[in-house]
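The values are calculated or read from the model by the stated rules, or taken from the named source; none is laboratory data. Values in this document were obtained by computation on a predicted structure and should not be read as measured data. Counting neighbours? That spans all protein chains shown, and the Cβs are built from the backbone with ideal geometry, glycine included. Protein only, heavy atoms only, side chains kept; ligands, DNA and RNA dropped before computing areas. Shrake-Rupley method; radii C 1.70, N 1.55, O 1.52, S 1.80 Å.
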Amino acid sequence: MDKKPTHVVVPEPELGVRYLSDYMSGSERKKRSILVAAKYRPLARLIQHQEAKATIVNAAVKGLLNKDFLLSRADFIRGKLVTDDFEALVNEANSGYLVRFSEVVSSLDLAGLEVLPGKKHQVAPIGGLKVPFVSNLLLRKVSKTNKVRVGALMLRYSKGKELPKLTAEYQSALIFGLLQHTHAEAGAEIDPALCLTLDCHTGSAHPAPSKAVTMFKNVSAACATIADAWPNTMPPQGAVLKGG
């Protein structure tokens, strides 16, 4: 009797912004595990935080990003009807995300900024590696001299864990570098201070650091290394590949 597939193979080198920042700040063992997980995607359903992130984005755009609103949405999500235990776990995870962020949301200061919904950015492969880039929010600021500065924000959250500073810096440096490659807005300047990785566990918004340009160059070199290693990356032990 054939075993049920556990993983599907991603044939072309591809690593999103979040996992690329994890890769850059990780140990050699961590880098290896990220590469394996990127090439061999599990078929099992994974708990994700899509509803919590959508809630935060909508609240920020509408100027409703406050503790009371987040808690009310957390209660709503927790009380939704479900059809199985997995849906209940997903709802509980999303509710917990919002409850935790509600405790630290006052740390986030978006005053003076135009806040717009994020989008999927079209980014050419870097060193042979596809780098999907989806921002959660777009940020825009106009100076008194009508100079336009823009950036983007990405959300991060891990239950009970602070996002490591180096990881956050790499992710914000990636946001900064990728926006420069996508021509975010004609005539606008990409502002590293508006390229933010928001840790929703602590409320800390990490801007692209002063060394962002150098960090992005390092990422570009790592992209080529990842692309070169892709063909020879073996599946995790015990994996049954779909179509294999």
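With each label modelled as a point 7 angstrom along the Cα→C-beta vector, the Q237-K165 pair spans 3.7 nm.
Rounded to the nearest 20, the Cβ-based charge dipole of the range 114-229 about its Cα centre (Lys and Arg +1, Asp and Glu -1) stands at 160 debye. Of L153, L163, L113, the residue with the greatest mean-square motion in the GNM of the chain, using alpha carbon springs below 10 Å, is L113. The calculated FRET efficiency for I47 paired with N146, based on their beta-carbon distance and R0 = 35 Å, is about 0.15.
Where in the chain are the helices, taken as whole DSSP H runs, whose Cα atoms extend 27 angstrom or more along the long axis and whose Kyte-Doolittle mean reaches at least -1.0? List each step's numbers first, then the result.
Values: long enough: 85-104 (29 Å, 0.03).
Span-like helices in the chain: 85-104.
Please report how far the C-alpha centroid of the range 83-107 lies from that of the range 117-167, rounded to the nearest whole angstrom. Cα centres, the range 83-107 to the range 117-167: 23 Å.
Please compare each pair in K67/K159; K80/K141; K80/K165 to a cut-off of 29 Å on the Cα-Cα distance and tell me which ones are over it. Kindly include the intermediate steps, with their values, before the conclusion.
Values: K67/K159 18 Å; K80/K141 38 Å; K80/K165 35 Å.
From the list (K67/K159; K80/K141; K80/K165), the Cα-Cα distance tops 29 Å for K80/K141; K80/K165.
Give the residues of the range 139-173 whose amide nitrogen is closer than 20 Å to a point set 7 Å from the Cα of K217 in the direction of its Cβ. Zone members listed by number: 169-173.
Over the range 49-107, the pair-distance histogram of Cα-Cα distances with 5 Å bins from zero comes to 4, 23, 31, 23, 11, 6, 2, 0 percent, rounded to whole numbers.
Beyond 21 Å in Cα-Cα separation lie the following of the pairs K130/K217; K53/K120; K30/K53; K62/K119; K31/K217: K30/K53.
Among F69, F101, F216, what's the order by accessible area (1.4 angstrom probe), most exposed first?
On the way: F69 60, F101 0, F216 25 Å².
These residues rank, largest area first, as F69, F216, F101.
Please give the contour-minus-distance gain from D228 to L116: 0.36 nm per residue of separation, less the Cα-Cα distance, rounded to one decimal in nm.
36.6 nm
When only Cα pairs below 8 angstrom with a gap of at least 6 residues are kept, the chain shows a relative contact order of 25 percent. With contacts taken as Cα pairs under 8 Å and at least 6 residues apart, the range 114-229 reaches a relative contact order of 27 percent. Structure remark: mean-square fluctuation, Gaussian network model of the chain, C-alpha springs under 10 Å; the largest value among L179, L43, L194 belongs to L43.
Above 24 Å, the calculated P(r) of the chain contains 52 percent of its Cα-Cα pairs. Within the same chain, lysines fewer than 8 places from K4 are excluded, and of the rest, those with a Cα less than 20 Å from its Cα are K39, K242.
Rolling a 1.4 Å probe across all protein chains gives E114 an accessible area of roughly 80 Å².
Figure the gain on full extension for R32 and S72 (residue separation times 0.36 nm, minus the Cα-Cα span) and round it to one decimal in nm. Could you put the intermediate results ahead of the total?
Details: separation 40, 0.36 × 40 = 14.40 nm, distance 4.07 nm.
In short, 10.3 nm is gained.
Accessible-area rank, largest first, for T167, T182: T182, T167, with all protein chains present and a 1.4 angstrom probe. Average accessible surface for the range 1-99: 61 Å² per residue, computed with a 1.4 Å probe over protein heavy atoms with every protein chain in place.
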